[in-house]
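Okay, structure first, notes after.
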Amino acid sequence: ARPFCEVQAEPADVVVVSAPLPVSSSLYQASKLLPPAGLLLREGGTVVVAAECPEGTGPLDVVNEKIFALGVRRYLPTRHAPFLVSGMDEAVVSHTYATFAPSVGWALARARERVGKAVLDVVVLPDAGDLVPRVAKT
């Protein structure tokens, strides 16, 4: 499947990931978008998960502990910051591993502040769950 799924990109300060339903139906499902982002994310970088999540978070203990802490976290740099842009309220997102972001633009502005750069290196991975990212050779 490599010829159909592999994408190459330079390491980035921000990786924006998304996918259509059913992958974006809940944070439980959308969490699978994080590992592809981690393959291209620089240390201290930001992942922006753009997922509507009309079905909410899913079971919080499973999402935060089993999926994120035990499964997904190992694919991300030690210092990273995941933002979630979704249809969920900030109060709901505050109980998850992600930080609420009202828009992708807002998340990019916060990432710029965190990294301390006027211009960010950004990679966008639409359908991230179907992609196998690889760092481009320079």
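The values are calculated or read from the model by the stated rules, or taken from the named source; none is laboratory data. It should be emphasised that the depicted structure is a prediction, and the values quoted were computed from it without experimental measurement. Surface areas here come from the heavy atoms of the whole protein model, side chains and all, with no ligands, DNA or RNA. Shrake-Rupley method; radii C 1.70, N 1.55, O 1.52, S 1.80 Å.
Values for this structure:
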item: Whole-percent carbon and sulfur share, accessible surface of the chain, 1.4 Å; result: 56
item: Cross-link partners of Lys66 among lysines (Cα-Cα below 22 Å; sequence separation of 8 or more within a chain); result: Lys32
item: Per residue solvent-accessible surface (Å²) - the chain, probe of 1.4 Å; result: 52
item: Computed P(r) (all Cα pairs; the chain; 10 Å bins; percent); result: 13, 46, 34, 7, 0
item: Value of relative contact order over the chain, rounded to a whole percent, pairs C-alpha under 8 Å and six or more apart; result: 37
